[in-house]
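Structure first, commentary second.
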Amino acid sequence: MKILLSILSGLLSGIISGMGIGGGTILIPALTLFLSVNQHTAQGVNLLYFLPTAAISLFVHIKNKSVNFKIAFPIMGLGVLGAVGGSLLALVLKAAFLKKLFGIFLFLMGFYEIFKKNKKNQKK
Amino acid sequence: MKLKNMLSRALRRPYVIYAAGGLLAGFLNGLFGSGGGTVIVPFLEECLDQEEHTSHATAILIILGFTIVSLFFYGFSGTLDIKLALWVSLGGVLGGFIGAKLLKKLTGPAIRKIFGAFMLVAAFRMVFFS
């Protein structure tokens with residue numbers, strides 16, 4: 001049952017990832033709410049889950065020359081410091097607190113998703 | 001041609017902008033194990049004048065870098081559940097295919113709003129009922 005629910009959670013976020021909405025914003029709450037996974041573990045699963053998914057789509061994007069390396073590398077190089085800081089902070093926080101913090105973050109993103117303007121239609 | 005102009009204009013901007021966007025996205029991605037793309041995509045579009053498609057593609061590379069770094073820390077602290085991640089990824093790959101096929105039919109403000117509402121409900125549960 002747990003395995004089935006895990007696959008289903010992945011399936012759902014996989015579908016949503018393709019739509020440009022971050023899959024993790026669905027996967028992490030699904031894991032903690034339906035499978036009672038610890039918040040840290042759920043976040044770790046999302047990080048791991050990102051590797052194969054990103055690798056596949058990146059392969060296609062690079063082939064189509066859609067990736068702007070000149071911009072990506074400086075942002076990545078400097079941003080890594082942020083990634084170190086964020087990870088360390090996450091790991092020292094208690095799971096219950098991190099879960100609430102994530103909830104607030106999720107709320108903001110849901111809000112943004114609902115109220116942001118539809119750019120595609122605007123440009124056309 | 002237009003893209004080239006936009007690119008050179010973007011590159012002339014100070015590295016402070018790159019640093020700010022990267023640091024924030026990296027920080028959130030490490031803290032929440034997700035969400036870096038939510039910051040970096042609008043950042044690339046609005047601050048660096050990248051086209052939507054380029055922004056999405058470039059964001060994946062950037063977040064991949066952040067994710068690998070974060071995984072080292074998560075891994076060392078022993079919070080990784082590889083088995084669970086494998087099952088989830090299996091569903092994820094299938095979902096990715098389905099999503100790609102459905103994308104043309106499904107995209108649209110309505111669907112986004114439905115997922116947005118779903119996120120709000122989940123957010124409330126996480127903050128108040130857990």
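Using a 1.4 Å probe and counting only protein heavy atoms, how much accessible surface gets buried when B and A come together, both sides summed, in Å² to the nearest 100?
On the way: alone 10640 and 9870 Å², together 12780 Å².
Buried surface at the B/A interface: approximately 7700 Å².
Please state the relative contact order of chain A as a whole percent: Cα pairs under 8 Å, 6+ residues apart? Don't skip to the end; give the middle numbers.
Values: 42 pairs, mean separation 25.4, N = 124.
With pairs under 8 Å counted, the relative contact order is 20 percent.
Relative contact order of chain B: what whole-number percent is it, with Cα pairs under 8 angstrom and at least 6 residues apart?
Here the relative contact order equals 17 percent.
Would you kindly state how much longer the chain becomes between residue A:1 and residue A:60 on full extension, computed as 0.36 nm times their sequence separation minus their alpha carbon distance, in nm to one decimal?
Extending this stretch completely gives an extra 17.8 nm.
In the structure shown, do any of A:70/B:101; A:116/B:101; A:65/B:101 have a Cα-Cα gap over 28 Å, and if so which?
Among A:70/B:101; A:116/B:101; A:65/B:101, the Cα-Cα distance tops 28 Å for A:70/B:101.
Leaving out ligands, DNA and RNA, what percent of the accessible area of chain A is carbon and sulfur, probe 1.4 Å?
73 percent
Tell me the relative contact order for segment A:1-53 as a rounded percent, counting alpha carbon contacts under 8 Å between residues six or more apart.
On the way: 30 pairs, mean separation 15.6, N = 53.
Here the relative contact order equals 29 percent.
What is the distance, in nm, between label points placed 7 Å from the Cα along the Cα-to-Cβ direction at residue B:82 and at residue B:2?
4.9 nm
Compare B:15, A:112 by solvent-accessible area with a 1.4 Å probe and give them largest first, with all protein chains kept in place. Intermediate results must be reported in sequence, preceding the final value.
Working: B:15 135, A:112 95 Å².
The residues order as B:15, A:112, largest area first.
Between residue A:69 and residue B:72, how high is the FRET efficiency from 1/(1 + (r/R0)^6) when r is the Cβ-Cβ distance and R₀ = 25 Å? Nearest 0.05.
Details: r = 23 Å, r/R0 = 0.93.
For residue A:69 and residue B:72, the calculated efficiency is 0.60.
For segment B:44-106 and segment A:25-90, what is the separation of their C-alpha centers, rounded to whole Å?
Here the answer is 5 Å between Cα centres.
At 1.4 Å probe size, with every protein chain present, just tell me what the per residue accessible area of chain B comes to in Å².
Details: 6750 Å² over 130 residues.
It amounts to 52 Å² per residue over chain B.
Please report the accessible area of residue A:92 (heavy atoms, 1.4 Å probe, ligands and nucleic acids excluded) in Å², nearest 10.
Residue A:92 has an accessible surface of roughly 110 Å² with all protein chains in place.
The values are calculated or read from the model by the stated rules, or taken from the named source; none is laboratory data. These numbers were taken from a predicted model, which means no experiment stands behind them. Virtual Cβ from ideal backbone geometry, glycine too; neighbours counted across all protein chains shown. For the accessible areas, the whole protein counts, side chains as well, though only heavy atoms, and no ligand, DNA or RNA atoms are used. Shrake-Rupley method; radii C 1.70, N 1.55, O 1.52, S 1.80 Å.
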